[in-house]
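The values are calculated or read from the model by the stated rules, or taken from the named source; none is laboratory data. Just so we're clear, the structure is a prediction, and the values are computed from it rather than from any experiment. All Cβ positions, glycine included, derive from the backbone under ideal geometry; neighbour counts span all protein chains shown. Surface areas here come from the heavy atoms of the whole protein model, side chains and all, with no ligands, DNA or RNA. Shrake-Rupley method; radii C 1.70, N 1.55, O 1.52, S 1.80 Å.
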Amino acid sequence: MAATALLFLLITSLFIPSYTHDIQSPDQEAFISIVISQQGLDFLKNLLVTKTISSIIPLNLPRIEKTVKVPFLGYVRMRLSNITLHEIDVLSSYVKPGDTGVAIIASGTTCNLSSSWYYQYSSWLLPVEIVDRGGASVQVEGMQVGLTLGLENQNGTLKLSLINCGCYVKDVSIKLDGGASWLYQGMLDAFEEQIGAAVENAITKKLREGILKLDSFLQSLPKEVPVDDNASLNVTFVKDPLLSNSSIGFDINGLFTARKKFLVPMNKYQSSQPSVFCKDSSKMLGISLDEAVFNSASALYYDAKFMQWVVDKIPDQYLLNTAGWRFIIPQLYKKYPNDDMNLNLSLSSPPVIKILENDIDATVYAELIIDVLEADQVIPVACISLDIHGSGSVKISGNKLGGSLKLNYFSMSLKWSNIGNLRLYLVQPVMWTLIQTVFLPYANAKLGQGFPLPIVHGFTLKNAEIVCSRSKTTVCGDVEYSELQDLNQIMFT
């Protein structure tokens, strides 16, 4: 019973219900890899056994009838009706991925059923019919359920196929209540084989129906996860899932794409084929993100003109008046005494992110234009080019991966000026203050919001660890369950 539910989670763990949008890039390289370990598979299996059982009980079985001719006496008609399977108890189960698919076995399973029984006897020796009825309790023991599922990539989505499916019942016992049940117990024991077959057929049918509906659901899943109003994460599957003897791995594209219609150059990224390695092998889940994922986000927001800011309020507000610059740029104050100012910052290219061993480097190339506000005019007076070098860190907040930057050093040069030459060594401390108190807090507020990791709703990362290695960031952690979407409706309705 854990079978269909387990595969639902394994596959949809890459998705969050999202807005569907055509993927821009035809390139189908993998920049995010996800591995669910054996510990993760066991956790999901144990959790979802209960969910799947609840989805099929109560299960009604067809009525069973039998007519027996007794020598010298006549015909005995027996019937079991209202047969309902209302309890399933799984003693042990396991999930095992392999080269040919994912095998799921539930063994030592017992089932409890209730039924109504009916007995009718007529004979030429007796002028009347003998009719009796009552209730019955049925116990199925030693049941084993197994199936093997195939997974493959089909046009960027997962195709789920049922390779093998079977259910075997070892023992059935029937106990009659009501009427003269002690008299007919031996005869109704003849129904044991038919009840076993009915249980086997009903459960196998449910499994097959569930797999078909689950496959249909997988085919309809969107190929993008929204990050905000402007960007989505491309979660198109790349290559077939990788099945080892102790894990299941998925590769997805993972690059940021535009949700709105603005021109975004088709940047070419090279994947380092990120593998997933967790120092703690007991972690349930590992997600590896190539640095190209972060650089694709950087390029998208740059091309969408989101990396331009006009600053008119800062902690040191006096620096937005020419009087605050009279000892730094005297000619500015002399030409525009006591005029208010704006600082117009724009990036000249997308920020460049490099992931190193235990560190993240960020390089930002920007231009800062000093504007003077005079009457109703905005007068640009000078432009300073900035090369800003910082180091970054990433953190997990719920199921989002966020981050922050800190300033390491920067260099600056005068690009142009309408007020003569500037003494940059006097300007540099002011630039340091502005970067530390204005621009970095603003950038960190945005970075701190993070973007969603590809994890299904209802499951949350916990005890997560982040490892930065050459060109990739890996998140390793366990998951906890809070609220699963309605799996029963997907597979069994």
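With r defined as the distance between the Cβ atoms of residue 229 and residue 105 and R0 fixed at 51 Å, what FRET efficiency is calculated, to the nearest 0.05?
It comes to 0.65.
Compute the Rg/Rh shape ratio of region 314-357: radius of gyration over Kirkwood radius, all on alpha-carbon atoms.
1.27
If I take R0 = 45 Å and measure r between the Cβ atoms of residue 423 and residue 277 in this structure, what FRET efficiency does the formula 1/(1 + (r/R0)^6) give, to the nearest 0.05?
0.30
Two decimals is fine: what is log10 I(q)/I(0) at q = 0.21 Å⁻¹ for region 421-478, from a Debye sum with one equal scatterer on every Cα and no solvent?
Values, matching the q order: -0.94.
Any chance you could run the full-extension gain for residue 168 through residue 87? It's 0.36 nm times the residue separation minus the Cα-Cα distance, nm to one decimal.
Once the chain is fully extended between residue 168 and residue 87, it gains 27.5 nm.
For residue 77 and residue 317 in one chain, what is 0.36 nm times their gap in residues minus the Cα-Cα distance, to one decimal in nm?
Contour length minus the Cα-Cα distance gives 76.6 nm.
Taking a probe of 1.4 Å, how large is the accessible area per residue of region 190-238, in Å²?
Value for region 190-238: 38 Å² per residue.
Give the long-range amide H neighbours of residue 227: residues separated by 5 or more places, or on another chain, with amide H under 5 Å away, using H modelled in the peptide plane at 1.01 Å from N.
Distant-sequence amide H within range of residue 227: 232, 233.
List the pair-distance distribution P(r) of region 340-493, using every Cα-Cα distance, as the percent of pairs falling in each 10 Å bin from 0 up to the bin containing the longest distance, rounded to whole percents.
P(r) over region 340-493, rounded to whole percents: 9, 29, 24, 17, 12, 6, 2, 0.
Could I have the simple spin-label model distance between residue 346 and residue 358, label points 7 Å from Cα toward Cβ, reported in nm to one decimal?
Between residue 346 and residue 358, the simple spin-label model gives 4.2 nm.
Where a Cα-Cα gap under 13 Å defines reach, which aspartates and glutamates qualify for residue 406, not counting those fewer than 8 residues away within the same chain?
359, 361
How long are the three semi-axes of the equivalent ellipsoid for region 372-435, computed from the Cα gyration tensor as the root of 5 times each eigenvalue, in whole Å, largest first?
Working from the Cα gyration tensor, I get semi-axes of 33, 17, 9 Å.
If one puts a single equal scatterer on every Cα of region 265-392 and applies the Debye formula without solvent, what log₁₀ I(q)/I(0) results at q = 0.10, 0.19 Å⁻¹?
-0.51, -1.07
Students often forget the sequence filter, so: which lysines lie under 21 Å Cα-Cα from residue 415 once same-chain residues fewer than 8 apart are removed?
The reachable lysines, counting only those whose Cα sits under 21 Å from residue 415, are 335.
Near residue 175, which lysines are there with a Cα under 22 Å away, not counting those fewer than 8 places off in the same chain?
66
Apply the Karplus curve 6.51 cos²θ - 1.76 cosθ + 1.60, θ = phi - 60°, to the phi angles in region 227-239 and return the couplings in whole Hz, x for Gly and Pro.
For region 227-239, the Karplus-derived couplings read 9, 7, 5, 10, 10, 10, 9, 6, 10, 5, 5, 10, 6 Hz, x marking Gly and Pro.
Output the pairs from 205/239; 279/472; 96/159; 96/395; 400/462 with a Cα-Cα distance over 21 Å in this structure; if there are none, say none.
The pairs that break the limit, which is 21 Å between Cα atoms, are 205/239; 96/395.
So between residue 240 and residue 129, what do we pick up on full extension, going 0.36 nm a residue minus the alpha carbon distance?
33.3 nm
Take the Cβ-Cβ distance between residue 482 and residue 68 as r, set R0 to 56 Å, and report the resulting FRET efficiency rounded to the nearest 0.05.
0.50
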